[in-house]
Amino acid sequence: MNLQHLSDVQRRAVTLVDGPVLVLAGAGSGKTSVLTNRVAYLINEKNVSPYHILAITFTNKAANEMKERIAALVDYDVSRMAIATFHSICARFLRHDAELIGYMNNFTIYDTDDSTALIKKVMQNYDHGLGQLTPKYVRHVISMVKNSSGYGEPEEVLKDISEDFSEPLTQIYRAYNEALHRENAMDFDDLLLNMLRVLQENQEAREYYTERFQYVLVDEYQDTNSVQYELVKLFSEKHKNLFVVGDDDQSIYAWRGADVRNILNFEKDFKNAQVIKLEQNYRSHQRILDAANAVIRMADARKEKNPWSAKTDGPKPKVYTAYSEYAEGEFIAKEISGLVRGGKKYEEIAVLYRTHTQSRVLEEKLRMYGIPYRVYGGMSFYARKEIKDIVAYLTLLENPMADTAFLRIINTPKRGIGNVTVNRLTEYAEANRLSLMEAAAGADSFMKGGTAKFSPLLEVLRGIETAAEGKSIGEMIEIVFERSGYHAMLLSDDDITAEAKIENVQELINSARVYEAQAEEPTLEEFLSTVSLITDMDTVEEEGGVTLMTLHSSKGLEFDTVFMAGMEENLFPSKRSVEEGKLDEERRLCYVGMTRAKNLLYLTGSATRTMYSGGSSSNAPSRFLRDIPPEAVENLSVRKDVKQIGHREETTKPRINFFQAKAEFVPKATADPGSFRVGGVVEHGKFGKGTILAIDGQGDQRVARIAFAGGEKKLFLSFAPLTVIE
DNA sequence: CCTAGGCCCAGCAAT
DNA sequence: TGGGCCTAGG
Ligand SMILES: Nc1ncnc2c1ncn2[C@@H]1O[C@H](COP(=O)(O)OP(=O)(O)OP(=O)(O)O)[C@@H](O)[C@H]1O
């Protein structure tokens, strides 16, 4: 196998196959490439059967790509290979082993929506004195507890999280888990946790998996949580050939339980571990690296690295501060248009932001300029209401005990079953330890006319079940769509979104057909499993225009040109991160974003931003911008823009922070009127008229590159005898 | 007892 | 922007 395309040290990482190995290296150093090559190398050169390999990727898409690569190398049914995300692989194993820990193997996976709904229901049953705590918050706490299970009992973990509420929270935590178990359902965290229990509690299963996995590989190791850590440790305990790659500077998921200590302590945790450092960055040129390193250098507690790029030169990162988010969007759209006119492809460009809500304005401006784009993340296809409703019907076919799914469709379409009836049903079901569906069948015993009330629904469900017998999944969805009355409901809905919803359901049918065509042995169970674990990131395409996504989602990806929008205090870093002292994670997120760029990096922001209520806030430029030495970037901000806020200010309500903000983002030297700007025309006492090509530096150090008739000159703006012509 | 429409409030990131 | 809560009408 040819490994000539790798550097010496990368090759070493690929071929050092025995024992625990950590590749700790900065962004763009080829960690993922090394991991993929290593899998291929094991199979091709070391004659390891694909069956004996466990490789954990960060997205399903990355897993599929890796499988495709392996498929080209060996004659093996790669779909059976254990290459997947933690969640997918655990779900797959549990389909076989859940019964070892008291679940049924056809368990249902509840997504965030489902689990929030269930938590809400559980909370209603308790006079917990948690009035002010929302189900969403409680779900987050519960998730943290589950993800921290490697550290101890729920009670202890809860005390650390919330001293005051630990008791009621513990109660809810228990009740929620019991409900999940009764419903034969697992939430995302349970997938990991229950797989861990299988390994811990069942000797035979442990034997099987540890014997099987001679080689264990994990990508993005810095963002593993305590349960994932335990899983990795157990899976690799027998053969001890554990290979992990990661970058502590890219740890950005502590808020959902990831623990960077996993990577920092690797050498201590795994005896005889070898550590390989990759220092060369193959993705970005040096100027991008310089700026990114200026930001990450300020973080505490990190392993120092010496990244360098062979591409020593390239355009400096560009900074632009607009006066409003609309102007910011406009700037980005204009720049993209210009870049594309210059030959760049839309697909090579990404716009990254801290929060999904930022995308709306950006989209608006891109559309205005006729720029094709695709937004990833946020509301994914499978999270849409109509899709989730149809999926709930399918879930009930597979698992009639899934009360959460039942509650979702009990009155959708409308069947005259309201809150009061639902509450009575729930009470009755709980008192008699029945599933809601079972309880509904005996409704006469708890309310007058109960049977009559529920029989239409039960008949629909029974009808679907009979009709779906022996049918393909695509056909099942059609049956559900028709017989549930969902289609009719949408047809009679004159809301403009109804048509799109019908199309979405059609799309769901399509995806079921695609799944059936591809799967070895398609089952409804597996389809539902896949659907609940699919993310938008798995559908990233080569085509489709400019990519819009959050900074978090961009981890692991790369683009020729990257715009980072919303580089402002209170947004990035977020207000909460500052308040809660979690600034470093934001800083690392900034580092992740900047290092996605191969060639061109724009850092944009706005002095003001509209709030949901219609008001407006004004924010200083992000501190991360200030951490980059001025001479390392090119500042494209125009004084003119800044002044306009002043005008707008006077016509609208005053904003407390305005002057402060203005003072911070206006470079000093431009504080005098008649400002210089890139593209502007100036006159010099000696050289005559010229056009400003670029301005670098700040304050007295600002240098302009100006094209005069007699050639290009670099001049200090504060000293040169220049007048602005236009 | 159900439904629809109006009002009020909230704001991060995602498997 | 939307989801949760409240109210009036059916
Ligand atoms: N030896 C090499 N020669 C040339 N290009 C390389 C080499 N190694 C990696 N690359 C390229 O560098 C880029 C970054 O590689 P990769 O995504 O594997 O890095 P990474 O360390 O996983 O990055 P990150 O941590 O930022 O996600 C890819 O485009 C890859 O093809």
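If A:VAL218 passes every condition in (1) of a type in the set (A, V, I, L, M, F, W, C); (2) within 30 Å of A:LEU434 (Cβ to Cβ); (3) open to solvent by less than 10 Å² (accessible area, probe 1.4 Å) but one, which one does it miss?
(2)
Do we find a residue being away from DNA strand B (no atom under 16 Å from the Cβ) and in a loop (DSSP other than H, G, I, E, B) anywhere in the range A:50-72?
No; the residues of the range A:50-72 include none that is away from DNA strand B (no atom under 16 Å from the Cβ) and in a loop (DSSP other than H, G, I, E, B).
Which one is nearest to the chain's Cα centre (by Cα) among residues in the range A:171-195 that are open to solvent by 10 Å² or more (accessible area, probe 1.4 Å) and of a type in the set (A, V, I, L, M)?
A:LEU193
I'd like the full set of residues that are away from the ligand (no atom under 16 Å from the Cβ) and open to solvent by 50 Å² or more (accessible area, probe 1.4 Å), limited to the range A:42-63.
The answer is A:ASN44, A:GLU45, A:LYS46, A:ASN47, A:TYR51.
For the range A:267-376, list the helices (runs of 4 or more DSSP H) that sit wholly inside it and hold at least 2 residues that are in the same structural domain as A:LEU603 (by the TED database) and open to solvent by less than 70 Å² (accessible area, probe 1.4 Å); which are they?
It comes to A:325-341, A:359-368.
Would you kindly identify the helices (runs of 4 or more DSSP H) lying entirely within the range A:488-579 that contain at least 2 residues that are open to solvent by less than 80 Å² (accessible area, probe 1.4 Å) and in contact (Cβ under 8 Å) with a residue 24 or more places away in the chain?
So the answer is A:497-518, A:524-533.
Can you tell me how many residues in the range A:593-617 are open to solvent by 10 Å² or more (accessible area, probe 1.4 Å), more than 16 Å from DNA strand C (Cβ to nearest atom) and over 19 Å from A:ILE349 (Cα atoms)?
1
Out of all the residues in the range A:379-404, which are open to solvent by less than 50 Å² (accessible area, probe 1.4 Å), within 15 Å of DNA strand B (Cβ to nearest atom) and part of a loop (DSSP other than H, G, I, E, B)?
Selection gives A:SER380 alone.
Restrict the check to the range A:26-41 and report whether at least one residue is over 27 Å from A:SER251 (Cβ atoms), crowded, with 17+ Cβ neighbours inside 10 Å and touching a residue at least 40 places away in the same chain (Cβ under 8 Å).
The answer is yes; a qualifying residue exists.
The values are calculated or read from the model by the stated rules, or taken from the named source; none is laboratory data. This one's a predicted model, so the numbers in the text were calculated from it and none came from an experiment. Positions of Cβ are generated from backbone atoms using ideal geometry, with glycine treated the same way; all protein chains shown enter the neighbour counts. Remember, those area values only see protein heavy atoms, side chains included, never the ligands or the DNA or RNA. Shrake-Rupley method; radii C 1.70, N 1.55, O 1.52, S 1.80 Å.
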